Amino acid sequence: MTPAAASFMRLRGMIRKESLQILRDPSSIAIAFVMPLVLLLLFGYGVSLDAKHIPLAMVVEQPDSKTASLVGAFNRSDYFNPLSFDSIQDAQKALDLREVFGIVWLRNDFSQNLMSQDSAPIGVIVNGVDANKARITTGYIQGVWQAWFESYAASKGVKLSQPVALEPRIWFNAAVRSTDFLVPGLIAVIMTLIGAMLTSMVVAREWERGTMEALMVTPIRIGELVIGKLAPYFILGMGGMLMSVVMALWLFDVPLRGSFWLLSAASALFMLVSLGMGLLISVVARNQFVAGQLSLIVTFLPAFILSGFIFQISAMPEPIQVITHLIPARYYVAILQTLFLAGDIWPIVLANSAALLVMMVIFLGIAWRKTHKRLDA
Amino acid sequence: MGSSLQRIIALAIKELLAILKDKKSRIVLIGPPIAQLLVFGYAATFDLNHIPLAVYNEDRGAPSRELVARVTGSPHFELVGYIDHDAQIAPLIDDKDVLMVLHIGPHFSEALKLGNTAHPQLIVDGRNSNTALLALGYIRSIFTEFNIEWAENHGQRGPPAILKIRPWYNENLVSLWFIVPGIVGLLTLVVTTIVTGLSVAREREAGTFDQLLVTPLRPVEILIGKSVPGVLIGLVEGSFILFMAVYWFEVPLRGSVGALYLGMFLFLLSAVGIGLMISSLAVTQQQGILGAFLFLVPSVILSGFATPISNMPEVVQYLTYINPMRYYMVILRGVFLEGDSAELLVHQYWPMAIIAVVTLALAGWLFRHRMN
């Protein structure tokens, strides 16, 4: 038998053993298919930055037709759920108790001062704790007020000059739907979890049970061992991946503007990085307790916060931006957001894939070497 | 009774030793939370500064230059460069070199001087919809100010004024003030789940749990003994992170510290209860880790840590009621920023207390009834 044929046979045996192990312990299959399903459903519906029906306290000190018309404009807006309060004190109390998110206050001189030039005759208070939501709400309130004022002025025959009218063109996501932006990123977060989860416990378990020594005395080589361990999990992980993409397209209606093949290739690369990371964790940790802890710590939160999935990387302080380069999910999120929403933009896909390739080589290389060292010891 | 207390203390000490004696697991418990606090505290921000922008100005008049100067002079924007033809727009946006391109047509100044409306275009990269919306909001207010002043200077009736909006509690709308108190909850949850999520599963796998069951320890005592390390470690780490939030990140702590600690204690109890429940359900450590993951990830997502619960669909909002972290987030932010006292937070305390009682009772029951 040639050496290549022998190597192939050993590899086949190893893959067969791992596959049987996966089939007999259903928890791996659960990780690969049930986890993405549950997580994507939870995340996809749970994570949204689009505020709707914001409870807003309306305080009208002297009701008349003008105030009724403005309150009506707030009522018709999909963004708000206006509640009427008799006095500003009551409204402020409701704000303190978190019953309302903001207050729109029409003072008793509202109608007289309405057409005066200087300042807007309404007072607005918002709960600023969640700065982002406060900013978005502020924008919506401003929008309702301006639209109402313009139509009111028109009805009175007053011509408002508008020297400059901005025409925004929002590319890639004309409706500014946050789901379209979040779901591709979610796939990256979920795949980081799954890839690392799948492998991180595998090797640690063999060490703990003593079966690693048994494997070591067989003629199998380190490379074959690593490939044999990875191959079945790679296939499982890609299955979970495919399912997530299908859900993104048909359940969450996210458009896929780039090519499916490019997406698959980038995903395969990322899956290898993330399996490699898991393998490295389990080789280093050697016991399941530490392996589990490590994979919890280094995968989920960094992928959630530092990948650009929800928090824009360019908005972070410079040193933190440097740190994000160590997070594999960062590159994959950039690829996914671009492939789904913008299309095959090669400079972005290539640059980020190159980074992933480097990480894959590093992770698998270290895992391979570490396994080797243990054999000598 | 005295001997019962002794037994519990003995078990608690044994549990603490089991966690802390291993160097690797000690490092895992102390190092990453500190590093993550520092990194995440600064990383998790929705505040936008220096948004990269390119200007394509086909107009040579003074008004357009004035408008461009206002945009580029704003701290929110950073001018990457000027471009001079259409074909340059797409590559800049596609490759994320800029977030937006402001395109002013050749007849801008002319339109303004004739009293007509000029329509400059703003091309925005919508891949991150939140960033796009915020950036658009900033540009809009610069344009509105420009309009108001122009109208004033030319004796015209201007557009509606910009509303003066007063944010309460976080007057300058700093994301860090919102995120850092959230991180206190986030990291305490992770640490507690790690400590408790495997504590029973590991003993079951090693067979020592059966030995524990045949000792004079009653299930209640085992339950308390196993809960103490999680609560203790959680309290220590939680206090440390609180300390950092106040003295390093300088988030104002306006409310009652007692109210905060009551919340932390109840939160830890419920997290420990869930952790022990997962751990006693699991037959192997792998299942324990999987369970911890399956609990941790949704808890974080459905807590309001990063995205508001009120944005979620109603069904999902109901689901958040069984998540202890949801209540703890309100307590943390309420005490830090809104200056809440314990009375104001009663409705956050009792759900956590119920979750703690139910999960701890279930965990204790599972000790004996989950044996194969």
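Numbers for the structure displayed
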{"quantity": "In the stretch B:93-118, the residues that are within 25 Å of A:Ala174 (Cβ to Cβ) and either surrounded by fewer than 18 Cβ atoms within 10 Å (Cβ to Cβ) or β-branched (Val, Ile, Thr) (or both)", "calculated": "B:Ile93, B:Asp95, B:Asp97, B:Val98, B:Val101, B:Ile104, B:Gly105, B:Thr117"}
{"quantity": "Meets criteria (touching a Lys or Arg at 6+ places or on another chain (Cβ under 9 Å), part of a helix (DSSP H, G or I) and more than 10 Å from chain B (Cβ to nearest Cβ)) for A:Ser314", "calculated": "no"}
{"quantity": "Residues (surrounded by fewer than 22 Cβ atoms within 10 Å (Cβ to Cβ) and either without any contact (Cβ under 8 Å) to a residue 12 or more places away in the chain or not assigned by TED's automatic domain parsing to the domain that holds B:Ala363 (or both)) located in the stretch B:295-314", "calculated": "B:Pro308, B:Ser310, B:Asn311, B:Met312, B:Pro313, B:Glu314"}
{"quantity": "Only one of A:Val273, A:Val290 that is touching a helix residue (DSSP H, G or I) at 6+ places or on another chain (Cβ under 9 Å) and either more than 8 Å from every other protein chain (Cβ to nearest Cβ) or of a type in the set (D, E, K, R) (or both)", "calculated": "A:Val273"}
{"quantity": "Odd one out for B:Ile148 among (1) more than 9 Å from every other protein chain (Cβ to nearest Cβ); (2) in contact (Cβ under 8 Å) with a residue 12 or more places away in the chain; (3) outside any loop (DSSP other than H, G, I, E, B)", "calculated": "(1)"}
{"quantity": "Qualifying positions in the stretch A:132-153 - surrounded by 19 or more Cβ atoms within 10 Å (Cβ to Cβ) and of a type in the set (Phe, Trp, Tyr)", "calculated": "A:Tyr140, A:Trp145, A:Trp148, A:Phe149"}
{"quantity": "Residue in the stretch B:261-283 that is in contact (Cβ under 8 Å) with a residue 60 or more places away in the chain, outside any helix (DSSP H, G or I) and either closer than 26 Å to B:Ser175 by Cα or in the same structural domain as B:Tyr328 (by TED's automatic domain parsing) (or both) present", "calculated": "yes"}
{"quantity": "Residue within the stretch B:340-352 that is closer than 22 Å to A:Phe304 by Cβ, within 21 Å of the chain's Cα centre (by Cα) and part of a helix (DSSP H, G or I) present", "calculated": "no"}
{"quantity": "B:Ser4 vs. criteria part of a helix (DSSP H, G or I) and not assigned by TED's automatic domain parsing to the domain that holds B:Tyr138", "calculated": "yes"}
{"quantity": "Matching residues, the stretch B:272-315, being within 19 Å of the chain's Cα centre (by Cα), more than 10 Å from chain A (Cβ to nearest Cβ) and closer than 16 Å to A:Gln293 by Cα", "calculated": "B:Phe295"}
{"quantity": "Residue among B:Ile19, B:Ile8 that alone is more than 8 Å from every other protein chain (Cβ to nearest Cβ), buried (at least 19 other Cβ atoms within 10 Å of the Cβ), of a type in the set (A, V, I, L, M) and touching an Asp or Glu at 6+ places or on another chain (Cβ under 7 Å)", "calculated": "B:Ile8"}
{"quantity": "Residue in the stretch A:154-203 that is nearest to the chain's Cα centre (by Cα), counting only those that are small (Gly, Ala, Ser) and surrounded by fewer than 24 Cβ atoms within 10 Å (Cβ to Cβ)", "calculated": "A:Ser178"}
{"quantity": "Test: B:Gln317 is free of Cβ contacts under 8 Å to residues at least 24 places away in the same chain, assigned to a helix (DSSP H, G or I) and out of contact with any Lys or Arg (no Cβ under 8 Å at 6 or more places or on another chain)", "calculated": "yes"}
{"quantity": "Test: residue in the stretch B:192-202 that is more than 30 Å from B:Leu366 (Cβ to Cβ), at the interface with another protein chain (Cβ under 7 Å from one of its Cβ atoms) and either touching a residue at least 40 places away in the same chain (Cβ under 8 Å) or not in a helix (DSSP H, G or I) (or both)", "calculated": "no"}
{"quantity": "Complete set of residues in the stretch B:111-141 that are part of a helix (DSSP H, G or I), under 15 Å from A:Gln162 (Cβ atoms) and aliphatic (A, V, I, L, M)", "calculated": "B:Ala111, B:Leu112"}
{"quantity": "Lone unmet requirement of (1) surrounded by 19 or more Cβ atoms within 10 Å (Cβ to Cβ); (2) at the interface with another protein chain (Cβ under 10 Å from one of its Cβ atoms) for B:Ala90", "calculated": "(1)"}
{"quantity": "Boolean, A:Phe252 is within 19 Å of the chain's Cα centre (by Cα), among the aromatic types (Phe, Trp, Tyr) and assigned to a helix (DSSP H, G or I)", "calculated": "no"}
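The values are calculated or read from the model by the stated rules, or taken from the named source; none is laboratory data. Predicted model, so just to flag it, every value in this text is computed and none were measured. Every residue, glycine among them, receives a Cβ derived from its backbone with ideal geometry; neighbour counts consider all protein chains shown.
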